[in-house]
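Down below is the structure, laid out as structure tokens.
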Amino acid sequence: MVRSKTTRRQLLRAAGAGGLGVALTACAQNRDPFKPNKLPVPGSAGWSYGEERWVATSCGQCSAGCGLRVRVVEGRAVKIEGNPMNPVNRGGVGPRGLSSPQVLYDPDRFAQPMVRKARGGALEPIGWDAALELLSTRLGSLRESHRTHELGVLCGRERGLMYESWQRFARAYGTPNFVDTRGVEDGPTLTAMRAMQGVDDLPAYDWANARFVLSLGSGVLDTSCQLLNFARARGQRRGGVDRPRIVHVGPALSRTAMNADEWIQAAPGTSAAFALGVAHVLVRDEDFDQDFVREHTQGFEDWSDAAGEHKGFRSLLADYTPEKVAELCGVDPAEIVDIAHLAAEAGAAFALTGRDDLRASNGVQTAMAVHALNALLGAIDRPGGLLVQCAAPLAAWPELELDDVALAGLERPALSCARRDAGQVLETSLDALPAALLAGEAPALDTMLIDSTNPVYSRADAATWRKALARVPFVVSFSPFADETTVECADLVLPDDTWLERWEDSCAQPNVGRAIFGLRQPVVERQLDTRHTGDVLIELADALGEEVAAALPWKDFQDAVKKRVLGLFQAGAGSIVEAKGADFLRRLYAEGSWDGESYAFESWTRVLATESGRFEFCPAALRDAIVARDGAAAPRGAELDELCSPGYRPQVTYGDPQRFPLLLVPYKPHTYAKGSGANLPWLTELAPWKGRRTWATEAELHPSTAASLGVGAGDLIVIESEVGAIEARAYPTAGVCEGVVRVALGAGHTAMGRYAKDWGSNVMELVSTQCADPLGGGAALQGTRVAIRRSQA
């Protein structure tokens, strides 16, 4: 027998090591079955397993510019939350913001630049260098031959650093044909603000201090950028805080109507009459703000000048008695009187109207009527009223120095729809662009650059848009998505990053009055072979020579943002104050926004910027603009005064009333809006409210209308106008007026990706371009007459 020299302790150690080896081998062979199988994405290799970060940015899903916090796990954006540090939304966020990851990870985004080698052919991949050389060579040739005016820019952005960059590029290149979409939805309100206040911007609303709000056809809880303010005001009672009483007047039981304290159903297109009826009662009972009217307005009383005698606003209101207005609107006269008294007694009250309601043949005068009512209430630049948004103190852009080629090009006649001057009183009509492109024997433009708009889908008379764009020899789209305009009309596609991948400002519409800057920054690495359109513009300008490059003198658009933000640092005030610029930027990146000092009310010089320095009930600037535009054809005397004053004109409708007895009322849903969110399945799965269909187009009509047509709930029907026909499912409801058909915008795509295509109908196929506002803007969304019949399908 041989005695072993191994001790008991060594034996135990060996056994333990062996067991550990077996266990590790088993673990290697049997990975955690519940661990998700995550495909690699750009940037994920630099993240540890389970690592997460929160990135502050600003939402790009609508014009509100809400602050967001994005949860990024292992390089993937997985969750969206509202940023409580942002003064616009203070932590709230709507459904479109919550759906943002589906924008980033849309499987049908353009993965790289595309080119169409021949008209009628398919789009094919092309590299960035080749694509930019193709475009720069073409634009360079136009410039060398002094034909810069043959470049057109169609810009769907309405404000912000990228909008201004497009303007600078167009001017430095030398084209007068910069066309934007700013007036499509907000044109009537902008015209009223410019003419009556001399302010080239939309109003902000002081919801926090208001005690009474009159909503005249507004979609404030449906799709407006005021949605979160409305929701916050509506919920204040639950917190024991005094809140405004909200009354909604409109033709349909919309989400705004359902959440208001009171809904008064009124005939469509009569918001101006209702506002003037309330104004009549205020003046009749001397319940208006007489101090404000006396000290800060012009045109309230009758006056005379070299042109003759003119009626003042007080005299104009004599025609709008509660009884007459009630007949026009289909309401009880007592309701008009009660609202006037409630508004006067509240002390801090304002009225607002909606984009869709103003897109009618009487849109500008409706906006003026509502604005005049606010003046009578003393709501202009007062607590609880309408404010003028303060601009953030950004560093100025470098001054443009135009060369002889640019100056000569800018002197050439512009297309009738091109934006002429900053702050022009009357809006130009985007719907005039197709006619301008089709006019003449030779094409008006050689090249068209299209950014952030899809007119072949979103505008009326799509066939004419297709024909017009086909006449432009070279069309370039910057869309990241395969939308209808890009797929059908573009010769070159230079796909933009999504807003979750790029540097820019939030482009927010006026919100709380005080100066605000929202930052948009990449939350993840670029997912595909796309590029920020701002970077593309900078590179393109550089390729066109130093004269154009001087307009965009930055390394990239992130550099441009930093240069502008330098002004916030130098201001030394607001929510972020640091001694060093690097520390300021670090905090701005972490917090996602900067906001200025508290709002200074009654800054009359700033907010009443008309030539008279007063709020003008019957604005001289509007009269002058109409005469300048129409020349000898412009009305004169009392007719011109009537057109340029707050008033009610019945909506002009298009279609034979005998053949088309119903009035079409398109509206923007709170989910996929006008169609830009139709490729996001989270939004299309979200019903307008409980019991409604998803992935379908429904037509709301009054039960008596449905019964007269023999139509029941859920029936497939055909809606037909003079210009087109669509199918929809009938939805009888007492929530719409008799004789009205209400259909949501945004469905019926033929492109835009797998989730947007082939469901529902595009209501814009019914809308006629024949109804227009004589005071400017595009074709009226409201005013098309339709008929309904059961579908044979």
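Taken together, the values in this text are just the output of simple stated rules run on the coordinates, not laboratory data. Keep in mind it's a predicted model, so treat the numbers as computed, not measured. Every residue, glycine as well, gets a Cβ built from its backbone with ideal geometry; the counts of neighbours run over all protein chains shown.
What to note about this one:
- Partner aspartates and glutamates for LYS563 [C-alpha distance under 12 Å; skip if fewer than 8 residues away on the same chain]: GLU504
- Residue-span extension gain [ASP261 to GLU164] - 0.36 nm each, minus C-alpha spacing: 30.8 nm
- Contact order normalised by residue count of the chain, Cα under 8 Å, 6+ apart, percent: 18 percent
- Counting only DSSP beta bridges whose two residues both lie in the chain, roughly 50 percent are antiparallel.
- Radius 11 Å from Cβ of GLY43, net charge of other residues (Lys, Arg +1; Asp, Glu -1): -1
- Efficiency of FRET from Cβ geometry, ARG789 and ASP332, R₀ 35 Å, rounded to 0.05: 0.50
- Net charge of Cβ neighbours under 12 Å - reference GLY198; Lys, Arg +1; Asp, Glu -1: -1
- When the P(r) of the chain is calculated, the portion above 34 Å amounts to 53% of the C-alpha pairs.
- Degrees, to the nearest 10: 8-29 long Cα axis against longest axis of the chain: 40 degrees
- Remark: region 268-275, residue by residue, has Karplus-estimated 3J(HN,Hα) of x, x, 10, 4, 4, 4, 5, 4 Hz, where x stands for each Gly or Pro and the curve is 6.51 cos²θ - 1.76 cosθ + 1.60 at θ = phi - 60°.
- Estimated [θ] at 222 nm from DSSP helical runs (n ≥ 4, -39500 (n - 2.57)) normalised by residues in the chain, nearest 500: -9500 deg cm²/dmol
- Using the Karplus relation 6.51 cos²θ - 1.76 cosθ + 1.60 with θ = phi - 60°, the per-residue 3J(HN,Hα) values for region 528-543 come to 10, 7, 10, 9, 4, 4, x, 5, 5, 4, 4, 5, 5, 4, 5, 5 Hz, with x marking Gly and Pro.
- Here region 647-670 and region 549-581 have alpha carbon centers that stand 48 Å from each other.
- Close amide H partners of VAL740, meaning residues 5 or more places away or on another chain with modelled amide H under 5 Å apart, are LEU663, HIS702.
- Inter-probe distance in nm under a simple model that places probes 7 Å from Cα toward Cβ, at LEU566 and ASP108: 4.4 nm
- Distant-in-sequence amide H partners of LEU68 (H built 1.01 Å from N, under 5 Å): THR57, SER58, CYS59, ASN83
- Volume of the convex hull of region 662-790 (Cα atoms only), normalised per residue: 108 Å³.
- Spatial separation of Cα centroids for region 707-761 and region 41-72, in angstrom: 37 Å
- Angle of helix 557-571 to the longest C-alpha principal axis of the chain, folded into 0 to 90 degrees and rounded to 10: 70°.
- Length gained on full extension, ASP242 to ASP624: 133.0 nm, using 0.36 nm per residue less the C-alpha separation.
- Relative to the longest principal axis of the Cα atoms of the chain, helix 620-630 runs at roughly 90 degrees.
- Calculated FRET value between LEU716 and ALA442, using beta carbons and R₀ = 60 Å, to 0.05: 0.80
- One Cα centroid belongs to region 153-177, the other to region 281-321; the line between them spans 41 Å.
- Restricting region 429-517 to GluC sites (Glu not before Pro) that sit in a DSSP loop and have at most 11 other Cβ atoms within 10 Å of their own Cβ leaves GLU441.
- The local environment of GLU158, defined by Cβ-Cβ distances under 10 Å, has a net charge of 0 under the rule Lys, Arg +1 and Asp, Glu -1.
- Placing a label point 7 Å from the Cα of LYS757 along the Cα-to-Cβ direction, the residues of region 674-695 whose backbone N falls under 20 Å from that point are 675-685, 695.
- Inter-probe distance in nm under a simple model that places probes 7 Å from Cα toward Cβ, at SER44 and ALA725: 4.9 nm
- Cross-link table LYS467/LYS668; LYS79/LYS117; LYS117/LYS467; LYS38/LYS555; LYS467/LYS757; LYS555/LYS668, entries beyond 30 Å C-alpha to C-alpha: LYS79/LYS117; LYS38/LYS555; LYS555/LYS668
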